[in-house]
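Asker: Just passing along the structure, written as structure tokens.
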Amino acid sequence: MIDKVRKVLAWFTSERRETLNDLGLLLLRVAIGAGMLLGHGWGKLAAFGERADSFPDPLGVGNQLSMLLAISAEFFCSLLLALGLATRAVAVPLIVTMLVAMLVVHGDDPWKKKEMAFLYLIPYLVIVLTGPGRFSLDALILKKLRPES
């Protein structure tokens with residue numbers, strides 16, 4: 001049994017760990033980006049005409065602009081996040097959107113109402129701290145821009 005455990009642990013060399021970390025970041029970005037885009041952003045984008053005048057205005061900038069800001073983050077930033085393009089930058093509006101949803105829109109609501117915003121917020125924070133990983137358009141662009149050594 002101990003030999004089997006050693007074999008499994010030996011498999012996790014530093015090279016494999018880096019690849020697994022990058023695969024984990026890819027999975028996180030695509031899952032959280034697609035989840036927000038399809039579950040929240042697409043619906044708002046498709047219903048803009050009928051919902052814009054009654055959309056909540058938690059920041060006092062007007063209903064239509066509030067909805068446009070939400071769509072920009074939840075649809076367009078989520079798409080870029082999933083692709084790994086301008087990853088850290090596009091995670092910031094998503095963080096702000098989730099903080100507004102959690103603390104302002106649902107500020108007086110029970111935890112159950114705030115929980116979804118919180119559960120989206122955490123991966124966005126992780127992505128800002130870690131970056132997109134090697135399997136991203138950011139990494140591909142950076143590789144092309146760097147002079148070969």
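The values are calculated or read from the model by the stated rules, or taken from the named source; none is laboratory data. The structure presented is a predicted model; accordingly, all values stated were derived computationally and were not measured. Because the Cβ atoms are built from the backbone with ideal geometry, glycine has one as well, and the counts that use them run over all protein chains shown. Quick note on the areas: whole protein, heavy atoms, side chains included, nothing else; ligands and nucleic acids left out. Shrake-Rupley method; radii C 1.70, N 1.55, O 1.52, S 1.80 Å.
Asker: Scan region 132-149 for residues that are over 20 Å from the mean Cα position of the chain (by Cα) and small (Gly, Ala, Ser) and jot them down.
Answerer: Ser149
Asker: I would also like to ask the following. Taking only region 55-79 into account, find how many residues are within 12 Å of Thr97 (Cα to Cα), open to solvent by 30 Å² or more (accessible area, probe 1.4 Å) and either acidic (Asp, Glu) or modelled with pLDDT under 95 (or both).
Answerer: Total satisfying the criteria: 2.
Asker: Okay, moving on. Which count do you get for residues in region 127-149 that are under 21 Å from Gly41 (Cα atoms) and open to solvent by 30 Å² or more (accessible area, probe 1.4 Å)?
Answerer: Counting residues in region 127-149 that are under 21 Å from Gly41 (Cα atoms) and open to solvent by 30 Å² or more (accessible area, probe 1.4 Å) gives 1.
Asker: Can you name every residue in region 81-93 that is surrounded by fewer than 20 Cβ atoms within 10 Å (Cβ to Cβ) and among the hydrophobic types (A, V, I, L, M, F, W, C)?
Answerer: Passing the criteria: Leu83, Leu85, Ala86, Ala89, Val92.
Asker: Can you tell me how many residues within region 63-90 are part of a helix (DSSP H, G or I) and either among the β-branched types (Val, Ile, Thr) or at positive phi (or both)?
Answerer: Of the residues in region 63-90, the ones part of a helix (DSSP H, G or I) are 63-83, 87-90.
Add one more test, that the residue is either among the β-branched types (Val, Ile, Thr) or at positive phi (or both), and what stays is 71, 87, 90.
So the count comes out to 3.
Asker: Go through region 94-112 residue by residue and tally those that are closer than 29 Å to Ser136 by Cβ and either of a type in the set (S, T, N, Q) or open to solvent by less than 70 Å² (accessible area, probe 1.4 Å) (or both). It would help to see each step written out before you state the result.
Answerer: Of region 94-112, the ones closer than 29 Å to Ser136 by Cβ are 94-102.
The next check asks that each one be either of a type in the set (S, T, N, Q) or open to solvent by less than 70 Å² (accessible area, probe 1.4 Å) (or both); those that pass are 94-95, 97-102.
So the answer is 8.
Asker: Somewhere in region 36-43, is a residue open to solvent by less than 70 Å² (accessible area, probe 1.4 Å) and more than 16 Å from Pro93 (Cα to Cα)? Quick ask: steps written out before the conclusion?
Answerer: From region 36-43, those open to solvent by less than 70 Å² (accessible area, probe 1.4 Å) are 36-37, 39-41, 43; that's our starting set.
Imposing the further condition that a residue be more than 16 Å from Pro93 (Cα to Cα) reduces the set to 39, 43.
Checked against the condition, which is being open to solvent by less than 70 Å² (accessible area, probe 1.4 Å) and more than 16 Å from Pro93 (Cα to Cα), region 36-43 yields at least one hit.
Asker: Taking the options Phe48, Phe118, name whichever one is open to solvent by less than 90 Å² (accessible area, probe 1.4 Å), within 22 Å of Pro132 (Cα to Cα), touching a helix residue (DSSP H, G or I) at 6+ places or on another chain (Cβ under 7 Å) and of a type in the set (Phe, Trp, Tyr). Walk me through how you get there before you give the answer.
Answerer: Details: Phe48 fails: within 22 Å of Pro132 (Cα to Cα).
After ruling out the rest, the residue left standing is Phe118.
Asker: Return the residue satisfying two criteria in turn: it lies in region 91-131 and is in a loop (DSSP other than H, G, I, E, B) and within 28 Å of Met67 (Cβ to Cβ), and of such residues it is nearest to the chain's Cα centre (by Cα). Spell out how you get there, then give the answer.
Answerer: Of region 91-131, the ones in a loop (DSSP other than H, G, I, E, B) are 106-110, 131.
This time we only want the ones that are within 28 Å of Met67 (Cβ to Cβ), so: 106-110.
Numbers: His106: 20, Gly107: 22, Asp108: 25, Asp109: 24, Pro110: 24 Å.
Result: His106.
Asker: Restricted to region 1-15, and to residues that are open to solvent by less than 100 Å² (accessible area, probe 1.4 Å) and of a type outside the set (A, V, I, L, M, F, W, C), which residue is nearest to Leu137 (Cα to Cα)? Before you say what the answer is, go through the steps one by one.
Answerer: The initial filter retains those residues of region 1-15 that are open to solvent by less than 100 Å² (accessible area, probe 1.4 Å), namely 5, 8, 10, 12-14.
Remaining after also requiring of a type outside the set (A, V, I, L, M, F, W, C): 13-14.
Working: Thr13: 26, Ser14: 23 Å.
Out of the qualifying residues, it is Ser14.
Asker: Which residues, taken from region 8-50, are modelled with pLDDT of 95 or more and not in a helix (DSSP H, G or I)?
Answerer: Ala47
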